[in-house]
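Asker: Got a structure for you, written out below as structure tokens; questions coming shortly.
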2 protein chains.
Amino acid sequence: MNIPSKLIEDAVTEISRLPGIGKKTALRLALHLLKQSEVHTEALTLALTRMREEVQYCKICHNISDDEHCSICKSHRRDHGVICVVEDIRDVLAIENTDQYQGLYHVLGGVISPIQGIGPEELTIESLIERVSTDSEEPVKEVIMALSGTMEGDTTSFYLAKRLHEKGIKVSTIARGIPVGGELEYTDEITLGRSIMTRINYSSE
Amino acid sequence: MNIPSKLIEDAVTEISRLPGIGKKTALRLALHLLKQSEVHTEALTLALTRMREEVQYCKICHNISDDEHCSICKSHRRDHGVICVVEDIRDVLAIENTDQYQGLYHVLGGVISPIQGIGPEELTIESLIERVSTDSEEPVKEVIMALSGTMEGDTTSFYLAKRLHEKGIKVSTIARGIPVGGELEYTDEITLGRSIMTRINYSSE
């Protein structure tokens with residue numbers, strides 16, 4: 001593509017660095033901004049700059065936050081005795097969207113992956129161990145693992161479970177099984193096998 | 001979606017104003033920028049700001065340009081006697097990519113569309129009439145219409161053809177027909193009918 005303006009070419013190059021956006025889409029976005037009034041571009045760049053410069057990470061759970069402590073860790077309505085361990089900020093949003101969980105979170109920042117050179121020290125594991133070890137009014141009773149069902153996720157779960165058991169903390173993991181609405185015959189054997197082994201008893205009443 | 005940071009929420013709102021980008025994609029892009037080093041966000045916002053503030057439009061053909069006159073209008077290698085009329089800057093890029101055209105352009109900025117309230121005076125039509133009327137070393141011999149095959153495109157072409165014929169200028173339009181590689185049986189009747197009526201003679205030699 002031979003864009004007759006160095007300025008637009010630079011903008012296209014920068015936009016197409018974003019994930020999932022190619023040169024053609026980047027050009028469409030750049031030309032869209034050019035067609036719109038200047039205030040739109042100003043609002044966009046200001047929002048991006050402020051976000052990048054001012055966003056903080058919660059000192060307790062490493063979730064994104066506008067303050068030192070995030071709104072979930074600060075909330076008195078939530079159960080401070082349960083911590084859900086997730087890989088990423090997006091997982092916090094996904095679980096929050098279910099409206100089913102009332103405890104706190106701990107964002108690991110990734111999973112243990114020897115292939116990618118990510119060891120336990122690259123993650124916020126020590127900070128989690130510290131959280132469960134600290135004496136407080138509401139001590140942590142349970143840590144729920146909500147990591148991906150991949151080998152790296154499982155490795156991380158096992159590692160964390162070992163470390164947390166040493167501290168006498170109850171550790172659980174979210175259920176792996178057939179998705180709601182999913183059909184048995186299209187479920188892979190490993191998932192199906194696991195869902196039988198980890199079956200849930202109907203209460204007799 | 002309940003994003004626990006007003007800063008990220010603002011950024012997501014602004015990003016999702018772009019065409020074809022929804023809230024989920026916007027959040028993915030925002031979190032991507034947060035993960036990357038700060039210089040990436042700075043480079044992106046600077047490129048967008050500079051583009052929006054500094055890009056100019058060629059005073060002759062209304063194409064995007066870093067100067068008062070675009071590189072195509074300034075070029076001595078191009079045929080200044082032929083002008084190709086297009087709707088949009090993207091059409092210039094598309095035609096330039098074919099490497100088949102050596103004349104100049106004229107960017108209308110849209111097509112006549114009574115439904116959308118776009119009349120001839122909203123477009124750069126007067127500037128085109130002026131271009132073909134001005135005495136210069138290389139007078140304009142031909143104007144090629146390269147507008148969309150829609151009703152609005154055709155209306156605009158007819159209107160322009162009438163105005164240009166009054167000035168004694170030869171007017172042509174790009175061929176409508178079966179795309180290269182296209183099969184006859186899947187071509188709609190109007191296109192097929194037109195391609196028969198506007199058939200091209202093989203030269204006898």
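The values are calculated or read from the model by the stated rules, or taken from the named source; none is laboratory data. From a predicted model like this one, the values you see are computed outputs, not experimental measurements. Using ideal geometry, Cβ is built from the backbone for each residue, glycine included, and neighbour counts are taken over all protein chains shown. The accessibility values were calculated without ligands, DNA or RNA, using every heavy atom of the protein model including side chains. Shrake-Rupley method; radii C 1.70, N 1.55, O 1.52, S 1.80 Å.
Asker: Quick one: accessible area per residue over the stretch A:6-54, 1.4 Å probe, rounded to a whole number of Å²?
Answerer: Values: 2400 Å² over 49 residues.
Computed with neighbouring chains in place, this is 49 Å² per residue.
Asker: Please check the stretch A:45-77 for residues whose accessible area, probe 1.4 Å, is lower by 40 Å² or more when all protein chains are in place than in their chain alone.
Answerer: Residues passing the criterion (a loss of at least 40 Å², heavy atoms only) are A:THR45, A:ALA47, A:LEU48, A:MET51, A:ARG52, A:ILE64, A:ASP66.
Asker: Which whole-Hz ³J(HN,Hα) couplings does the stretch A:175-184 yield from phi under the Karplus relation 6.51 cos²θ - 1.76 cosθ + 1.60, θ = phi - 60°, glycine and proline marked x?
Answerer: Karplus-based 3J(HN,Hα) across the stretch A:175-184 equals 5, 9, x, 7, x, 4, x, x, 9, 4 Hz.
Asker: Relative to the longest principal Cα axis of chain A, at what angle does helix A:89-98 sit, 0 to 90 degrees, rounded to 10?
Answerer: Helix A:89-98 sits roughly 70 degrees off the main axis of chain A.
Asker: A follow-up question, please. With an 8 Å Cα cut-off and a minimum separation of 6 or more residues, compute the relative contact order for chain A in percent. Kindly include the intermediate steps, with their values, before the conclusion.
Answerer: Working: 221 pairs, mean separation 26.1, N = 205.
It rounds to 13 percent for chain A.
Asker: What residue among B:LEU160, B:LEU192, B:LEU104 shows peak mean-square fluctuation when chain B is described by a Gaussian network model with Cα springs under 10 Å?
Answerer: B:LEU192
Asker: Enter the angle in degrees (range 0 to 90, nearest 10) between the Cα long axis of helix A:23-35 and the first principal axis of the Cα atoms of chain A, meaning the one along which they spread out most.
Answerer: Relative to chain A, helix A:23-35 is tipped by roughly 60 degrees.
Asker: Helix B:6-15 versus the longest principal axis of chain B: what is the Cα-based angle in degrees, 0 to 90, to the nearest 10?
Answerer: Relative to chain B, helix B:6-15 is tipped by roughly 10 degrees.
Asker: Per residue of the stretch A:124-134, what does 6.51 cos²θ - 1.76 cosθ + 1.60 with θ = phi - 60° give for ³J(HN,Hα)? Whole Hz please, x for Gly and Pro, Karplus curve as stated.
Answerer: Each residue's phi maps through the Karplus curve to give 8, 5, 4, 5, 5, 4, 4, 4, 6, 8, 5 Hz.
Asker: Keeping all protein chains in position, work out how much accessible area A:ARG90 exposes to a 1.4 Å probe, and write it in Å² to the nearest 10.
Answerer: 100 Å²
Asker: Right, next: From the label point of B:PHE158, set 7 Å from Cα along Cα→Cβ, how far away are the matching label points in the other copies, in nm, ordered shortest to longest?
Answerer: 7.6
Asker: Shifting gears a bit: Which residues belonging to the stretch A:1-15 lose at least 20 Å² of 1.4 Å-probe accessible area when the assembly is complete, relative to their chain isolated?
Answerer: Checking the loss per residue gives A:MET1, A:ASN2, A:PRO4, A:SER5, A:LEU7, A:ILE8, A:ALA11, A:GLU14, A:ILE15.
Asker: Then there is this: For B:ILE118, which sequence-distant residues (separation of 5 or more, or a different chain) have an amide H within less than 5 Å of its own amide H, given hydrogens modelled in the peptide plane?
Answerer: Residues meeting the amide H criterion: B:SER113.
Asker: Just to check I understand the Karplus step: with θ = phi - 60° and J = 6.51 cos²θ - 1.76 cosθ + 1.60, what whole-Hz values come out for the stretch B:65-78, glycine and proline as x?
Answerer: With the stated coefficients, the stretch B:65-78 comes to 6, 8, 10, 5, 10, 6, 5, 6, 5, 7, 5, 8, 7, 9 Hz.
Asker: Oh, and also: Over the stretch B:78-174, give the accessible area per residue in Å² for a 1.4 Å probe, as an integer.
Answerer: 53 Å²
Asker: Amide H of A:HIS106: which non-local residues (sequence gap of 5 or more, or other chain) have their own amide H closer than 5 Å, using H built in the peptide plane?
Answerer: For A:HIS106, the qualifying residues are A:CYS84, A:VAL85, A:VAL86.
Asker: Just to be sure I understand: if you take the accessible area of chain A alone plus chain B alone and subtract the pair, with a 1.4 Å probe, what total do you get in Å², rounded to 100? All intermediate terms of the calculation are to be shown ahead of the outcome.
Answerer: Numbers: alone 14910 and 14890 Å², together 24740 Å².
Accessible area lost upon association: around 5100 Å².
Asker: Gaussian network model of chain A, Cα springs within a sub-10 Å range: biggest mean-square fluctuation belongs to which of A:ALA146, A:ALA94, A:ALA26?
Answerer: Of the options given, A:ALA26 has the highest mean-square fluctuation.
Asker: Could you let me know the centre-to-centre spacing of the stretch B:49-79 and the stretch B:149-196, using Cα atoms, in angstrom?
Answerer: Measuring centre to centre over Cα atoms gives 28 Å.
Asker: Considering amide H positions built from the backbone, and no H for Pro or chain starts, which residues 5 or more places from B:ILE60, or on another chain, come under 5 Å of its amide H?
Answerer: B:CYS70
Asker: Something else now. Please calculate the 1.4 Å probe accessible area of A:CYS58, with all protein chains present, and give it to the nearest 10 Å².
Answerer: 0 Å²
Asker: Can you pull the percent of chain B's accessible area that's carbon plus sulfur, 1.4 Å probe, other chains left in place?
Answerer: Working: 6490 of 12370 Å².
Roughly 53 percent, rounded to a whole number.
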